[in-house]
Amino acid sequence: MFNCLRTLRPLKPCNLILLHLCACFLCFSSLVALAQTGQNKATPVSHIKVAPGFKVELLYSVPAKDQGSWVNLCVDNKGRILVSDQFGGLYRMAAPALGAPLEPTSIEAVPAPIRAVNGMVWAFGALYVGVNDYEQKISSGLYRLTDSTGDDQLDKVELLREVKSRGDHGVHAVVPTPDGQSLFLITGNNSKPPIISPTSPVTQVWGEDHLLPSMPDGRGHNRGVLAPGGIIYKVSPDGKQFEAYASGFRNIFGGAVNRDGELFTYDADMEYDFNTPWYRPTRICLVTSGAEFGWRNGAGKRPVFYPDNLPGILDIGPGSPTGMTFGYGAKFPAKYQDALYALDWSWGKLYAVHLKPNGSGYTATKEEFVTGAPLPITDAIIHPGDGAMYFTIGGRRVQSGLYRVTYVGNESTDIVTAKPATTSARETRHMLEDFHGEPNPRALDVAWPLLDHSDRLIRWSARMAIEHQPTQQWADMALEDSNTNTQVEALLALARMTGICPKHRTDQSPPVDKTMGRKLIDALLGVDTSKLKPAQQLTFIRTLQITLIRFGRPDEVIVKEINKKLDPLFPANTFEENWLLCETLAWLESSTVAAKTLTLIEDSSTQEEQLQYARSLRMLRAGWTTELRTRYFNWFLKASNYRGGASFDIFLKFIRDDAVASLDPNSKTALAALLATKPERKSVIANLGAIFEGREPQDWSLATLSATAKSDLQGRDCENGKRMFAAAACYACHRFNNQGGITGPDLTSAGRRYSPHDLLDQIINPSKVINDQFSAVVVITTAGVIHTGVVVNLNGDSLMLNTDLTNPNQQIRLNRNEIDEINISKVSPMPKGLLAKMTSEEILDLVAYVISAGDSKHELFK
């Protein structure tokens, strides 16, 4: 349910997951007051913020001893609210009148012998529930609860389909399908797929598909857990038809269908991966037929640009996703009726996500609709009777409560009666999705021309349609296609459908078809890459990777031909192409890739890019000189001062260990002194700002820089702006274009929030306005010791304080009973003087880079 180790129990100080609980410092004085209240008291509404015009009521504080900790909500056929205890049973109650609390006597236990319900919905005259029983007292899976005696009490329990699972990442929500004929069952990556229908939209040829060996999580999380990851199933009401609808999720808990008939979910991140190239933030996903979202364990998670997985539509950031619902039927203003609500347990946020049609999919923006401290929010519903939103907090046996949100402002709350909307692109995608699951004689003629469509979801759906047809009907079409851009997509389908990932090969698997592997390579060698569109450039390289993975290493003559094909393409103009090319050339033992990649490492501004290139070189044996090896291992000394998630240092050690193991004896001797050198520990700012060494600091004034920005912000240097962003250690705390830290606000959209003057003001005067979410506190102990930092966890009498935002693992543990005083700091955790050693030209490049969101085609760079 909640991401592994996201908990309120005591945690190791080095565990970065504590940062996910920094909802606790949204208003820490409130949290301290809360800690002094009696037991069985849910977070008071005075500690909860809600969007303007809305009101929050605390209806009920759940007595933990008697009723547990509530994690799910739904409404039955009579409008009564059903709730579930994560480790216990179900409860039922009528919604109280607006303005009235929930009377404890109105809550009744549901007699059905069921427990550990993590998802539920009333449908087809019954209550369907997803059970995820950690304690394994009953089987996890999909159940149906009915009234067998007609006394209005649910008493009959049927297990429709067992889905074995363990821990939090198991069986979760149950959501009606858009056609009203079936159910979606949402599961995380620690559930094991049962027998799946062959008519499933997902083609069950999943694989790890890592050309270079992947690294497991440094702390052992989910080590050995392979694809397909979390799956959304499409299930008939009797449970007999059980199809895999989409796969590749990490840990999805909720789901919701919009009025257009599209399914959305909210997937989890892996907090140990912060500041690595394979970190993927929590994100809203549009779940289309046959979708794959690329979760793999450890460092194997697929980046969003891989053509064999799909991206989300909105990155949220770090968090612990829980429930979801649309606002349909709410007595809210129209904007909020149409919103998708996504809940984050650890940060205590209920987001309103606003969707906008875009091609065959959507784009989205988010706003914080409800936030609190603490507010471990688990589920939300819109009640069809009173039009209010109800939400629960709880989970992991923390204090639980039931709340209600109503609108009390002046805008109209008339119910929006909009009809389902469509676009021609979405109709095209749906037409292609009709071919998913079973052979259809029309599929190839319809889908093939759409393989190079500009809309990524249409390309995906077309490839899925083809993959569901017998390969003998289209293999030659793929191998001989004269349209370069459709061909590479078709070859990707052919490599997937005719090859088997080695890690998924069993005794029952057919032998490797070497003949097909050679045909695929010959076809790829024949591709004129100059005719490929940017998206198909990536598909071309990735298809070659999957062919090499699934069919094995070809003979050395073919290896030389592939090297000859790829070497002129590297380095390319984008990091995404270089990621794929560098991996592939290193696997091929190219004699030129080491020198080219080291130049990329040294020219790269971000640790994520550097880490990816270093990872790709770690097992390379060809093309090295002592000088190149020296540059490579000196980089590890520099990188030892980079910061990231709880597994970051271990991942870095894995890369270096592999690199050392790849050395021949002579190289080990020549590099012995360097290999024995211990890294010099530096602060993040000193490490990243080394390019300013020797410069004298300047006392830049806001007036001077603001005036210069007004006249000289055109014609700036984007690449230099990126270098300055890194050199000023901005990446250490802030995310920007999917890279960087998480201890400060995401700056990707800063250009929409700040003018150049305001941005400069924020940098020069960081304490002038401090974002509540990232405020520091000053803690004074009874012994008179003063500590300043950010509260990242509060559990019982234990308080964890992060004292350096550039190093998320620098934390101290304090005993709350020994704290004399806690005050919100008036000093920002962001240091002053970050611009002091820059020239005015460098500062303007930095400002232009941030304002433009790093877009080199922005007018500021013309």
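The values are calculated or read from the model by the stated rules, or taken from the named source; none is laboratory data. Please read all numbers here as calculations on a predicted model, not as lab measurements. Quick reminder, even Gly has a Cβ in these numbers, built from the backbone with ideal geometry, and neighbours come from all protein chains shown. Heads up: the accessible areas ignore ligands, DNA and RNA and are worked out on the full protein's heavy atoms, side chains in. Shrake-Rupley method; radii C 1.70, N 1.55, O 1.52, S 1.80 Å.
Placing a label point 7 Å from the Cα of R223 along the Cα-to-Cβ direction, the residues of the range 147-169 whose backbone N falls under 20 Å from that point are 166-169.
Over the chain, what is the relative contact order in whole percent, taking alpha-carbon pairs under 8 Å and six or more residues apart?
Details: 1927 pairs, mean separation 104.3, N = 862.
Across the chain, relative contact order equals 12 percent.
Counting only protein heavy atoms and a 1.4 Å probe, tell me what percentage of the chain's accessible area is made up of carbon and sulfur.
51
A straight Cα-to-Cα reach below 18 Å connects K65 with the lysines K41, residues fewer than 8 places away in its own chain not being considered. Summarised in one figure, the compactness ratio Rg/Rh of the range 77-226, Cα atoms and Kirkwood Rh, is 1.06.
The distance from the alpha carbon centre of the range 681-727 to that of the range 476-512 is 49 Å, rounded to a whole number.
Can you work out the FRET efficiency for the pair H858 and L702, with r the C-beta to C-beta distance and R0 = 25 Å, to the nearest 0.05? The partial results should precede the final answer.
On the way: r = 24 Å, r/R0 = 0.94.
Between H858 and L702 the formula returns 0.60.
Between rounded, prolate and oblate, where does the range 59-110 land on the alpha carbon gyration tensor, with a ≥ b ≥ c its root eigenvalues, rounded for a/c under 1.5, else prolate if a/b exceeds b/c? The shape class here is oblate.
Out of N410, W474, G224, whose Cα points farthest toward the positive end of the dipole of the chain (charges: +1 Lys, Arg; -1 Asp, Glu; placed on Cβ)? Going by the charge dipole, the pick is G224. FRET efficiency for the E602 to S711 pair, using the beta carbon distance and R₀ = 22 Å, is estimated at 0.05. Only helical runs count toward this figure. For the chain, summing -39,500 (n - 2.57) over DSSP H runs of n ≥ 4 and dividing by all residues gives -8000 deg cm²/dmol at 222 nm. For the range 554-696, the solvent-accessible area works out to 44 Å² per residue, with a probe of 1.4 Å and every protein chain left in place. For the cross-link pairs K356/K503; K301/K722; K234/K857; K164/K419; K366/K826; K49/K826, the ones whose C-alpha atoms lie over 32 Å apart are K356/K503; K234/K857; K164/K419.
Cβ under 15 Å from A112's Cβ, A112 left aside: what net charge do those residues give with Lys, Arg +1 and Asp, Glu -1? Spell out each step's value before the answer.
Details: positive: R80, R92, R115, K137, R144, K156; negative: D76, D85, E108, D133, D147, D151, D152, D155, E158.
Net of charged neighbours comes to -3.
Shape analysis of the range 381-487 places it in the prolate category; the axes a ≥ b ≥ c from the Cα gyration tensor give an a/c of at least 1.5, with a/b above b/c. Take the Cα of E561, go 7 Å toward its beta carbon, and the backbone nitrogen atoms of the range 480-498 under 16 Å from that spot belong to 480.
Taking 16 Å as the straight-line reach from the Cα of K137, the aspartates and glutamates in range (excluding those fewer than 8 positions away in the same chain) are D85, E158, E162, D168. The aspartates and glutamates within cross-link reach of K531, meaning a Cα-to-Cα straight distance under 19 Å and a gap of 8 or more places when in the same chain, are D452, D455, E480, D481, E489, D522, D567, E576, E577.
Can you give the charge dipole size of the chain about its Cα centre, rounded to the nearest 20 debye, using +1 on the beta carbon of Lys and Arg and -1 on the beta carbon of Asp and Glu? Walk me through the numbers on the way to the answer.
Numbers: 88 positive and 92 negative charges, 261 e Å.
It comes to approximately 1260 debye.
Summed over the residues of the range 363-521 and divided among them, the accessible surface reaches 43 Å² per residue at a probe radius of 1.4 Å.
Here S106 and S530 are evaluated by their C-beta separation; at R0 = 56 Å the FRET efficiency comes out at 0.20. When the charge dipole of the chain is built from unit charges on Cβ atoms (+1 for Lys and Arg, -1 for Asp and Glu) and taken about the Cα centre, the candidate among F861, Q337, W70 whose Cα reaches farthest toward its positive end is W70.
When the charge dipole of the chain is built from unit charges on Cβ atoms (+1 for Lys and Arg, -1 for Asp and Glu) and taken about the Cα centre, the candidate among L580, Y362, T803 whose Cα reaches farthest toward its positive end is T803. The charge dipole of the range 526-664, taken about its Cα centre with unit charges on the Cβ of Lys, Arg, Asp and Glu (plus for the first two, minus for the last two), comes to roughly 140 debye. The loop-placed trypsin sites (Lys or Arg not before Pro) in the range 374-468, going by DSSP, that have at most 16 neighbouring Cβ atoms within 10 Å of their Cβ come out as R397, R442. With a ≥ b ≥ c the root eigenvalues of the C-alpha gyration tensor of the chain, is it rounded (a/c under 1.5), prolate (a/b larger than b/c) or oblate? Judged from the Cα gyration tensor, the chain comes out oblate (a/c at least 1.5, b/c at or above a/b).
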